[in-house]
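Working notes, structure below.
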Amino acid sequence: MKKTIMLVCAAGMSTSLLVTKMQQAAATAGLEREIFAVSAVEAEEILAEKRVDILMLGPQVRYMLAEFEAKLAPLGIPVTTISMTDYGMMKGDKVLETAESLIGG
């Protein structure tokens, strides 16, 4: 079953490499995942239009965690922050594992 993972970062740029690494890890594991990154400014708009299974915040926007949790908890959508170490080292497989553990893929 296809699941959608949305990453949110400050500008949407630095996270694109992480998205690529997560997509590679998902393909290797045989998982059908749509993984994409948006800037914090775009996040609200995208969430209004698109159903996601999990929202993951980059370390630079982790201060927005409570705000997104308040909006998405009633919809049953988990929100988490990406580990600074995994983000900094671009460990797509580790970030994917975190997402999978929360969405029960």
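The values are calculated or read from the model by the stated rules, or taken from the named source; none is laboratory data. Remember, it's a predicted structure, so these values are computed and weren't measured experimentally. Here the Cβ is made from the backbone with ideal geometry for all residues, glycine too, and neighbour counts use every protein chain on show. Surface areas here come from the heavy atoms of the whole protein model, side chains and all, with no ligands, DNA or RNA. Shrake-Rupley method; radii C 1.70, N 1.55, O 1.52, S 1.80 Å.
Using a 1.4 Å probe on the protein heavy atoms, what percent of the accessible area of the chain belongs to carbon and sulfur?
55 percent
Once amide H atoms are built 1.01 Å from N in the peptide plane, which residues 5 or more positions from A37, or in another chain, come under 5 Å H to H?
The answer is L7.
When the dipole is taken about the Cα centre of the chain, and only Lys, Arg (+1) and Asp, Glu (-1) are charged at their Cβ, what size is it in debye, to the nearest 20?
My answer is approximately 180 debye.
In percent, how large is the relative contact order of the chain, given Cα pairs closer than 8 Å and 6 or more residues apart?
Relative contact order of the chain: 35 percent.
Write out the trypsin sites (Lys or Arg not before Pro) in segment 1-62 meeting two conditions: DSSP loop, and at most 11 other Cβ atoms within 10 Å of their Cβ.
K2, R51
Answer with one residue from M90, G76, P59: the one whose Cα lies farthest towards the positive end of the charge dipole of the chain, charges on Cβ with Lys, Arg +1 and Asp, Glu -1.
Selected residue: M90.
Under a 1.4 Å probe, what is the accessible area of segment 1-91 per residue, stated in Å²?
53 Å²
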